[in-house]
Each structure stands twice: as structure tokens, then as C-alpha cells.
Amino acid sequence: MVGYASIRKGLMAAVTILICLFVCGCTSAPLLSQREIVHAVFFQRKGREDQVLLLLADSTQTAEGQDPAYRTVLGSGQTPAQALERAESRLDGEVFYGLMDLAVLPATYGWQDVMKTARLLYGRTKPAPQILLLMMEEMPEDELQDSAAGLYRKMEEGRERYGLKNGLQLIFSQQKECALPIWQSTGYGFVFLQQEQENLELENSLSAQLAAVLAGQADCLDCSFAEGNADLQAQAFVQHKVEYPGQNELHLTLSNPDMQDLSGKQPNQDELAQTLCKELQQAFAGFVPELYTGTFDPLRTRVWVAAAAGPQATVPIPQLVVHLEV
């Protein structure tokens, strides 16, 4: 008992000392209230000039029980790094990226621009929480400043609705290519970026969401099909099946698909399922052959091919197999 009491008294003394240091301001790190808390960063390119808009928490405007308030700070420069530095220099407190969860890049960026900006962000935010990366069409400077908080909320809602799960670290998982969702007013598009190649952008919702799922950046489909006459909601996951030589299959499983007719013609579920599978195959055939050129492997099947046939084996163009788990 004496030993336990001594240990307890020692722990209490240590806690008291730590509290005193905290209250007296003797800790090395500033309090959150003394920091400029960044929630999102928007990059834009205006001609030869780069712009960075920081979306920050505005504690002075956030009342208890109300939604958080935000404010913006803009910086411009000859490079994204210079623009970011100038935006940060306009802040009074220490810049804190530990709560940042969104970065938005211009849809005009190519692979090299995306990688350079991703490295810039990684240097600022590491170690960081999951940061959603999106691309977006450029907006006028004033419009972006006015709408940044609303865009941030909508993009966070979109992350949940569409099961988006890409992150800053995912950008570095392949040496010469990457892929990103493109934010749209309704849903999202998707773009594949490859070194020294033109970007391949998918605007159709079904194609974009299929690509995001196959690329490991989303886990559900929530879109229309049958020329807008039917609606689909389903959880989705992908499995690889490789038997060398020649076979490289992506098995897409849609779990409990909810297919709703919007036309009033009332087709049965089997007819809707046939139409959906046909359109998924058509969408897949429309973008995959353009991506599998040279040594590119945008859907990350190389590891499975290597396991079956060795690391030097050529990666065949994948085939899609669709399963509906009703």
C-alpha cells in the first residue's frame, strides 16, 4: 500500500507541474487559439501568375452552438510556393495545418504541376490527417473568396455522399501517373494524369464514378444511367483476378444496388440490371485502352500480374467483370 501511495503522489505532482506550465504559458507550442487554423487550400492559375487562397477558422465570428465561421486570405506569386508563402505572411499567428482536410487544384494542371504542388503541401502538413484532393475549374478571384466557405462545406458533404477516399499520400503511390476527382456542380468528374501525356478527363457521372472506384478513390456509385432515365445507388468494391498470360480482370461488385426507374415506363429490375451492366462495360471500354499505353498502369494491377508471372511481365489491358449482389 505504501508503494502504491508513493507512486500515486508522484503522478499527481507531475500532473500539477504540467498544468502549471500550461497555465503559465511555459509550453513550447502555442495554443490553438493562438494559431491560424487552415481548413482548406485552393490553388488557382491566372495566366503566368499563381494564386493561393487559404480558408481559415474565424473564431471571432463563431458563436457557441452555431456552425463554424471562416475567413480567407489570398496570396499571389510566380509559383505556387511563392503564392503560398505570401498568403501565410499576411497572417498574424502561427499557421497550423493539423486540421486541414481539403486541397483544391486547378483542372488545368498536368501531372508535373500536380506532383509539384502535392510535394509543397506535404512539406507543410506532415504528419497530417486525411486530406481530400480535388481539382476544379478556375473561378474569378472575388467569386472564389466569396464562395470558398460554401464550396468547402459542399465538398465535405460530397466526400461523404460519394464515398471519396483519396488522400495526399495516394498521389505518391505511382511514379509517373495519378488520378483525381474534378469537382462539378452536380457530382464529380474524374481525370487521369500521366507523365508527358494529355490528361484524360471523364465528365459523365457514371464513367467518372466507375473510374474512381476502380482506381481505389471511392467506394460507392450514386449516379444516373439509361440516358438519365434511371438512378443508381450502391456500395462498390473491386477484386483482381490474374491468370498469366493474358488474363487481367477487375471484378466490380455492387452490393445491394438500388436502381430506380425515372422514366415512368416501369421496367423490371432485371431490365435495369442489364442496362446498367451494359453501360458500365461501355464506359470502361471508352477510357481504359487510352490509359494502358507504354508502362502505365493507372488501375494498379501490376502487383497482381507480378505475383502471377514475375516482376518483368507485361501488364495486359484489364477487363471488367460486373457482379450485382442483390
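The values are calculated or read from the model by the stated rules, or taken from the named source; none is laboratory data. Note that this is a predicted model, so its numbers are computed, not measured. Using ideal geometry, Cβ is built from the backbone for each residue, glycine included, and neighbour counts are taken over all protein chains shown. Note: accessible area is taken over every heavy atom of the protein model, side chains too, but ligands, DNA and RNA are not part of it. Shrake-Rupley method; radii C 1.70, N 1.55, O 1.52, S 1.80 Å.
Residue by residue through segment 152-169, note down the ones that are farther than 19 Å from Tyr70 by Cβ and open to solvent by less than 50 Å² (accessible area, probe 1.4 Å).
Answer for segment 152-169, where residues must be farther than 19 Å from Tyr70 by Cβ and open to solvent by less than 50 Å² (accessible area, probe 1.4 Å): Tyr162, Gly163, Leu164, Asn166, Gly167, Leu168.
If Thr108 satisfies all but one of (1) part of a loop (DSSP other than H, G, I, E, B); (2) surrounded by 13 or more Cβ atoms within 10 Å (Cβ to Cβ); (3) among the hydroxyl-bearing types (Ser, Thr, Tyr), what's the number of the condition it fails?
So the condition that Thr108 fails would be (2).
Quick one: in segment 125-143, of everything that is at pLDDT below 95 and touching a Phe, Trp or Tyr at 6+ places or on another chain (Cβ under 7 Å), which residue is nearest to Glu88 (Cα to Cα)?
Thr125
Scan segment 203-216 and tell me whether some residue there is open to solvent by less than 60 Å² (accessible area, probe 1.4 Å), farther than 17 Å from Asp297 by Cβ and in a strand (DSSP E or B).
Checking segment 203-216: not a single residue is open to solvent by less than 60 Å² (accessible area, probe 1.4 Å), farther than 17 Å from Asp297 by Cβ and in a strand (DSSP E or B).
When you scan segment 209-225, do you find a residue that is in contact with a Cys (Cβ under 7 Å, 6 or more places away or on another chain) and within 17 Å of Leu105 (Cβ to Cβ), even just one?
no
Looking at segment 242-263, can you tell me whether even one residue there is on the phi > 0 side of the Ramachandran plot and surrounded by fewer than 17 Cβ atoms within 10 Å (Cβ to Cβ)?
yes
Considering only segment 287-316, state which residues are exposed (fewer than 14 other Cβ atoms within 10 Å of the Cβ), in contact (Cβ under 8 Å) with a residue 24 or more places away in the chain and over 22 Å from Glu196 (Cβ atoms).
Correct list: Ala307 only.
All but one of (1) open to solvent by 90 Å² or more (accessible area, probe 1.4 Å); (2) in contact with an Asp or Glu (Cβ under 7 Å, 6 or more places away or on another chain); (3) modelled with pLDDT under 95; (4) closer than 26 Å to Gln174 by Cα hold for Gln319; which doesn't?
Unmet condition: (3).
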